[in-house]
1. Out of the residues in segment 29-42 that are at negative phi and assigned to a loop (DSSP other than H, G, I, E, B), which is least open to solvent (accessible area, probe 1.4 Å)?
2. In segment 113-126, is there at least one residue being open to solvent by 90 Å² or more (accessible area, probe 1.4 Å), in a loop (DSSP other than H, G, I, E, B) and within 28 Å of Ile229 (Cβ to Cβ)?
3. Just checking, how many residues over segment 93-107 are in a helix (DSSP H, G or I) and of a type in the set (Ser, Thr, Tyr)?
4. What residue, of Leu152, Leu110, Leu131, Leu77, is assigned to a helix (DSSP H, G or I), out of contact with any Lys or Arg (no Cβ under 8 Å at 6 or more places or on another chain) and under 21 Å from Gly217 (Cα atoms)?
5. Could you tell me whether Ala173 is in a helix (DSSP H, G or I), in contact with a Phe, Trp or Tyr (Cβ under 8 Å, 6 or more places away or on another chain) and modelled with pLDDT of 90 or more?
6. From the set of residues in segment 176-195 that are of a type in the set (A, V, I, L, M) and not in a helix (DSSP H, G or I), which is nearest to Gly211 (Cα to Cα)?
7. Kindly indicate whether Arg162 is under 16 Å from the mean Cα position of the chain (by Cα), of a type in the set (D, E, K, R) and part of a helix (DSSP H, G or I).
8. Could you list, in sequence order, all residues of segment 65-106 that are open to solvent by 50 Å² or more (accessible area, probe 1.4 Å) and of a type in the set (Val, Ile, Thr)?
Amino acid sequence: MPQSSLLFDQRLHDQANISPQVVHHKTVNLALQGVGAHGAFTWGVLDRLLEDERLSFDGISATSAGAVNAVVLAYGLASGGREQAKTALQNYWRRLSEVTSSGIFQPSVLDQMSGNFGLDLSPGFMFIDALSHFFSPYELNPLKYNPFKDLLDEVVDFELLRRQKLIKLFLCATNVRTGKVKIFGSEELRSDHVVASSCQPIMMHAVEIDGEYYWDGGFMGNPAIFPVIYGNGQQIVQGPGYVSILQEMVHEARIIPLDGKPHPSTNIRS
């Protein structure tokens, strides 16, 4: 079994059984997809990954609900490390639950009895869904009221997020004019960029950023993978008898001999 697979082997949960040859630090990139239910599930996955100190994160490409998780995770890590990141994620999802608990989208008694936890028979959902077939969000919401943006500004310090260098963020949105994916990087992020990545056209105004309008990134990249492939900060150098892979963000070097000799220690750092 490859060593990277052993990192998630169930047997490793028993610390007494961990082999010294297996325990090592690993840097990973994450791709976080959209859709609200997937976002809630992803919160649990990220919470578990943060508990494993053998893992660190280099870059995150994300769309929609995944973009929310990405910025909250990066903000938490920048403001106080792993525990603060877990607290920040919990705070966001708890506040989202509180905000939506008093909204019009509530499951009916029949929805609750069916056990599918959906809104198929919700009067509020059916009413808004019917309206969306006849009126655009520009007519239904001319003042562009958006409590989602307000919530983001409440739970994330975007100035700190733009300054942090721990994780490279790549948020995906869809350019309305060109139909192409747009990637927003860490150094420019504001709540507007997260809203753009999450913008559902039948429910929200397109988000204007620098003269262009954007919709949910899931239309063209859910999420796009190329940012973490071509922007992951790795340098690969080949010399006589070896290949060296340097992780730029964590200053970690991996040297791979080409002549069959034993691999050097994984603790080498540049």
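The values are calculated or read from the model by the stated rules, or taken from the named source; none is laboratory data. All figures in this text were calculated on a predicted structure; none of them were measured in a lab. Here the Cβ positions follow ideal geometry from the backbone for every residue, glycine too, while neighbour counts run over all protein chains shown. Note: areas computed on protein heavy atoms with side chains; ligands, DNA, RNA excluded. Shrake-Rupley method; radii C 1.70, N 1.55, O 1.52, S 1.80 Å.
1. Within segment 29-42, the subset at negative phi is 29-34, 36-42.
Restricting the remaining residues to those that are assigned to a loop (DSSP other than H, G, I, E, B) gives 33-34.
On the way: Gln33: 74, Gly34: 2 Å².
Selected residue: Gly34.
2. No, segment 113-126 contains no residue that is open to solvent by 90 Å² or more (accessible area, probe 1.4 Å), in a loop (DSSP other than H, G, I, E, B) and within 28 Å of Ile229 (Cβ to Cβ).
3. The number of residues fulfilling the criteria is 2.
4. Details: Leu110 fails: under 21 Å from Gly217 (Cα atoms); Leu131 fails: under 21 Å from Gly217 (Cα atoms); Leu77 fails: under 21 Å from Gly217 (Cα atoms).
Testing whether each residue is assigned to a helix (DSSP H, G or I), out of contact with any Lys or Arg (no Cβ under 8 Å at 6 or more places or on another chain) and under 21 Å from Gly217 (Cα atoms) leaves just Leu152.
5. On the way: in a helix (DSSP H, G or I): no; in contact with a Phe, Trp or Tyr (Cβ under 8 Å, 6 or more places away or on another chain): yes; modelled with pLDDT of 90 or more: yes.
Here the answer is no, as Ala173 does not meet what is asked.
6. Taking segment 176-195 as the starting set, the residues that turn out to be of a type in the set (A, V, I, L, M) are 176, 181, 183, 189, 194-195.
Those left that are additionally not in a helix (DSSP H, G or I): 176, 181, 183, 189.
Numbers: Val176: 11, Val181: 16, Ile183: 15, Leu189: 16 Å.
This residue is Val176.
7. Working: under 16 Å from the mean Cα position of the chain (by Cα): yes; of a type in the set (D, E, K, R): yes; part of a helix (DSSP H, G or I): yes.
The answer is yes for Arg162.
8. Within segment 65-106, Thr87, Val99, Thr100, Ile104 meet the criteria.
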